[in-house]
1. For the chain, rounded, prolate or oblate, judged on the Cα gyration tensor with a ≥ b ≥ c (square roots of eigenvalues), a/c < 1.5 rounded, else prolate if a/b > b/c?
2. Kindly provide the chymotrypsin sites (Phe, Trp or Tyr not before Pro) of the range 1-41 that DSSP labels as loop, not H, G, I, E or B, and whose Cβ sees at most 15 other Cβ atoms within 10 Å.
3. Name the residue farthest towards the positive end of the dipole of the range 2-141 from the options PRO62, ASN9, PHE50, assuming +1 on Cβ of Lys and Arg, -1 on Cβ of Asp and Glu, about the Cα centre.
4. Within the chain, what is the number of lysine pairs with alpha carbons under 25 Å apart, leaving out pairs fewer than eight places apart on the same chain?
5. For the range 8-15, take each phi angle, set θ = phi - 60°, evaluate the Karplus expression 6.51 cos²θ - 1.76 cosθ + 1.60, and give the result in whole Hz per residue in order, putting x for glycine and proline.
6. To the nearest 20 debye, what is the magnitude of the charge dipole of the range 37-151 about its Cα centre, counting +1 on the Cβ of each Lys and Arg and -1 on the Cβ of each Asp and Glu?
7. Could you list which residues have their amide H under 5 Å from that of PHE89, counting only those 5 or more apart in sequence or on another chain, with H placed in the peptide plane?
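The numbers here are math on the coordinates, done by the rules we state, and not lab data. Since we're looking at a predicted model, the values are computed, not measured. Note that each Cβ is placed from the backbone with ideal geometry, even for glycine, and that neighbours are counted across all protein chains shown.
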Amino acid sequence: AGIHLIESNTAHVVKYRSRFNAGKPNWAEVSYKGREEDIFGIQPNLLCNFYHFIDRPAQRWPQHFDVCSENPLFYCVDSEFCNWTNNPFLINKHWWFENYVHKFAQINSAEPDFNLEGFMNWQQGAWNDRHWIVAEGDGMFKHCDANNFGQ
């Protein structure tokens, strides 16, 4: 389903972190659950992370969550409301090179300790204001920081 979303240009990025077994830590749930509207008002690019703990996000925020695949279920969100993540995702390699490697020297010549996630979320013109479409489904990968949070 993810490949179809990319190949059909329905989405630019398909995220694969598990929706219901996201692992530890899931900072969005730990920090924002129950305060979604307040957080959205302060930092709107975190909205898509709420799908991990809001059952029907397209009903709660219909102007931002679009069901872009019904079987299997995927929600699509504009990158303005969906921060970049280093969790597993699928992209078109040519899209990545065209829009990032060839446009941002920081990415093209990145040092080994380069913080891609920080760059993408805070560098003007890198992610949030590009209006990419991000798809999120049930996912399949669990975040596991065993050194800090155990299994």
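1. Taking the square roots of the gyration eigenvalues as a ≥ b ≥ c, the chain is rounded.
2. Values: sites: TYR16, PHE20, TRP27, TYR32, PHE40; in loops: PHE20.
Those satisfying the criteria are PHE20.
3. Checking the options against the dipole of the range 2-141, the answer is PHE50.
4. Number of lysine pairs found: 10.
5. 8, 6, 6, 9, 8, 9, 10, 8
6. 200
7. So PHE89 has HN proximity to TYR16.
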